[in-house]
Amino acid sequence: MHYLEVSHLISPSLPPSLLLILAQVLNYAGDADFICNHMGVEAWSDALVWKGQEAFQATTGNVWITEDGKEGGIVRSAEGFTFLRMFESGHMCPFDQPAVSAEMVAAWTGVGGGG
């Protein structure tokens, strides 16, 4: 099945209350993923309708540097919503980049060694 065949089933709208009650949202994609490519995931993130949409759309990507000095990806964040494009990773980021993925989760949750 091709993306265009199912794209009408995927909506950038979530129930408004969902993003109001969620304290933080992390949306990430590998830059080498062909099927769920980072460009589409980032476009979905920009189109997501929620109270912080304009603030998120106004952000620019910043290079995310891991604790060991490696460029782990490009990150955008506003009002508790974060998008990360992970470098050198496909569909299974934790498999392709286990240390970077673990640090991403640790930094985002504040649990563990990251950030």
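Looking across segment 1-53 at every residue that is more than 22 Å from SER89 (Cβ to Cβ) and charged (D, E, K, R), the one that is modelled with the lowest pLDDT is identified as GLU5.
When the residues of segment 82-92 are filtered to those that are of a type in the set (A, V, I, L, M, F, W, C) and not in a strand (DSSP E or B), the one that is surrounded by the most Cβ atoms within 10 Å (Cβ to Cβ) is PHE87. If you go through segment 62-82 and keep only what is within 14 Å of the chain's Cα centre (by Cα), more than 17 Å from VAL25 (Cβ to Cβ) and among the small types (Gly, Ala, Ser), you end up with just GLY72.
One residue stands out in segment 35-54 among those that are among the aliphatic types (A, V, I, L, M) and surrounded by 13 or more Cβ atoms within 10 Å (Cβ to Cβ): the one that is nearest to the chain's Cα centre (by Cα), namely VAL41.
Is it the case, given these coordinates, that ALA58 is at pLDDT 85 or above and surrounded by fewer than 11 Cβ atoms within 10 Å (Cβ to Cβ)? When the stated conditions are applied, ALA58 passes them. Just one of the numbered conditions (1) out of contact with any Gly (no Cβ under 8 Å at 6 or more places or on another chain); (2) surrounded by 13 or more Cβ atoms within 10 Å (Cβ to Cβ); (3) assigned to a loop (DSSP other than H, G, I, E, B) is not true of ALA32: (1). Scanning segment 65-81 for residues that are in contact with a helix residue (DSSP H, G or I) (Cβ under 6 Å, 6 or more places away or on another chain), at negative phi and not aliphatic (A, V, I, L, M), we see that the one that is surrounded by the fewest Cβ atoms within 10 Å (Cβ to Cβ) is THR66. Considering only residues in segment 93-114 that are in contact (Cβ under 8 Å) with a residue 24 or more places away in the chain and part of a loop (DSSP other than H, G, I, E, B), the one that is surrounded by the most Cβ atoms within 10 Å (Cβ to Cβ) turns out to be GLN97.
Quick one: how many residues across segment 54-73 are closer than 26 Å to GLU88 by Cβ and of a type in the set (Gly, Ala, Ser)? Summing the residues that are closer than 26 Å to GLU88 by Cβ and of a type in the set (Gly, Ala, Ser) in segment 54-73 gives 4.
The values are calculated or read from the model by the stated rules, or taken from the named source; none is laboratory data. The structure presented is a predicted model; accordingly, all values stated were derived computationally and were not measured. Cβ sites come from the backbone with ideal geometry, for glycine too, and all protein chains shown count toward neighbours.
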